[in-house]
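All of the numbers you see were taken from the coordinates with simple rules; none came from a lab. Everything numeric here is computed off the predicted structure, so don't read it as measured data. Reconstructed Cβ throughout: ideal geometry from the backbone, glycine too, with neighbour counts over all protein chains shown.
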Amino acid sequence: MYFRQLLNDETACASYLLGCKSKGRLAVVDPHVELVDEYVTRAEAQGAEIAAVLETHVQADHVSGLPALIERTGATAYLPEGAGVDFEHHPLADGEAVEVGNTELEAIATPGHAGAHHAYLVTDHARAEEPWFALTGDAVLVGDAGRPDLHAHGDETVEEMARALYRSITERLLSLPDHLLVYPAHYAGSVCGRGLSGHPASTIGFERRHNGALQHGSEEAFVDALVRDIPPAPDHQAEILAANRAGRALASQG
Ligand SMILES: [Fe+2]
């Protein structure tokens with residue numbers, strides 16, 4: 001398989017270009033608007049098409065590269081069902097899979113950071129019939145769990161979001177085998193977590209043992225710790241969310 005983690009240091013966002021070289025089909029996960037040329041250039045260099053563009057959730061801290069990528073490549077857009085976006089896309093249900101050649105990305109509903117949030121469990125069928133790694137979005141980060149406040153509104157209070165996140169992490173992600181690699185959506189410098197590592201990859205087993213947010217023995221203790229000391233909201237959060245729901249650039253950028 002082909003796999004590249006592409007980083008944007010300005011916002012400390014990690015995105016992924018991955019898929020099947022032999023069948024020439026790639027997917028992009030959590031694309032950053034600043035890296036659209038790079039995904040396209042790298043795919044071309046592999047002689048592969050970008051066939052799918054997925055989001056783990058509607059991003060609140062940076063403008064997504066999804067609309068531009070769809071326009072340039074004709075790929076299908078995939079978002080978690082209930083994401084509340086206003087553009088054409090395929091809403092992914094929990095457990096539904098997207099295949100790009102021999103590479104499969106299975107949606108694992110992991111609400112909590114956002115009400116509609118999926119992790120993607122990736123299997124390279126050319127190597128094995130079991131998952132190799134997980135793209136965990138803002139659910140499990142390297143050294144923290146995602147913040148529960150950015151997408152909270154109405155009945156989905158910050159505390160309810162934190163409770164949902166606890167269940168997502170313990171029931172859906174920490175139940176995965178220790179050896180699974182973890183590739184999150186952010187790393188140190190991001191406003192989306194506290195005390196994140198500057199190393200943007202880990203394993204389920206290492207995070208289970210050493211991630212400070214995952215050491216609480218109960219839902220109550222996890223929630224108490226997560227809602228305390230919430231970092232400041234990202235700059236232009238409302239504008240960024242509005243742009244990402246509409247599938248366009250920031251209004252101020254034309
Ligand atoms: Fe996020």
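Residues that are assigned to a loop (DSSP other than H, G, I, E, B) and either free of Cβ contacts under 8 Å to residues at least 24 places away in the same chain or within 16 Å of the ligand (Cβ to nearest atom) (or both) within region 72-83 comprise 74, 82, 83, listed in sequence order.
Residue under question is residue 153, and the condition is that it be buried (at least 18 other Cβ atoms within 10 Å of the Cβ) and either touching a residue at least 60 places away in the same chain (Cβ under 8 Å) or within 16 Å of the ligand (Cβ to nearest atom) (or both); does it hold? Criteria not met by residue 153.
Taking the criterion of being more than 14 Å from residue 30 (Cα to Cα) and touching a strand residue (DSSP E or B) at 6+ places or on another chain (Cβ under 6 Å), the residues of region 122-139 that qualify are 122, 123, 124, 131, 132, 133.
Looking across region 213-241, the residues that are loosely packed, with under 14 Cβ neighbours inside 10 Å, of a type in the set (Gly, Ala, Ser) and part of a helix (DSSP H, G or I) come down to 221, 238. Here residue 91 meets the list (1) touching a helix residue (DSSP H, G or I) at 6+ places or on another chain (Cβ under 6 Å); (2) free of Cβ contacts under 8 Å to residues at least 60 places away in the same chain almost entirely, failing just condition (1). Filter region 156-176 for residues that are touching a residue at least 40 places away in the same chain (Cβ under 8 Å) and over 22 Å from residue 227 (Cβ atoms) and give the result. Correct list: 176 only. For the residues 35, 66, the requirement of being touching a residue at least 40 places away in the same chain (Cβ under 8 Å) and either closer than 28 Å to residue 112 by Cα or surrounded by fewer than 17 Cβ atoms within 10 Å (Cβ to Cβ) (or both) singles out 66. Here are some residues: 41, 56. Which one is assigned to a loop (DSSP other than H, G, I, E, B), within 16 Å of residue 6 (Cα to Cα) and either within 16 Å of the ligand (Cβ to nearest atom) or free of Cβ contacts under 8 Å to residues at least 40 places away in the same chain (or both)? Exactly one of 41, 56 is assigned to a loop (DSSP other than H, G, I, E, B), within 16 Å of residue 6 (Cα to Cα) and either within 16 Å of the ligand (Cβ to nearest atom) or free of Cβ contacts under 8 Å to residues at least 40 places away in the same chain (or both), namely 56. Only one entry of 93, 145 meets the criterion of being of a type in the set (A, V, I, L, M) and within 13 Å of the ligand (Cβ to nearest atom), and that entry is 145.
Does residue 206 count as among the aromatic types (Phe, Trp, Tyr) and touching a residue at least 60 places away in the same chain (Cβ under 8 Å)? Spelling it out, it is not the case that residue 206 is among the aromatic types (Phe, Trp, Tyr) and touching a residue at least 60 places away in the same chain (Cβ under 8 Å).
Looking only at region 59-71, filter to residues that are within 16 Å of the ligand (Cβ to nearest atom) and in contact with a Pro (Cβ under 9 Å, 6 or more places away or on another chain); which one of those is nearest to residue 106 (Cα to Cα)? Filtering first and then ranking leaves 66.
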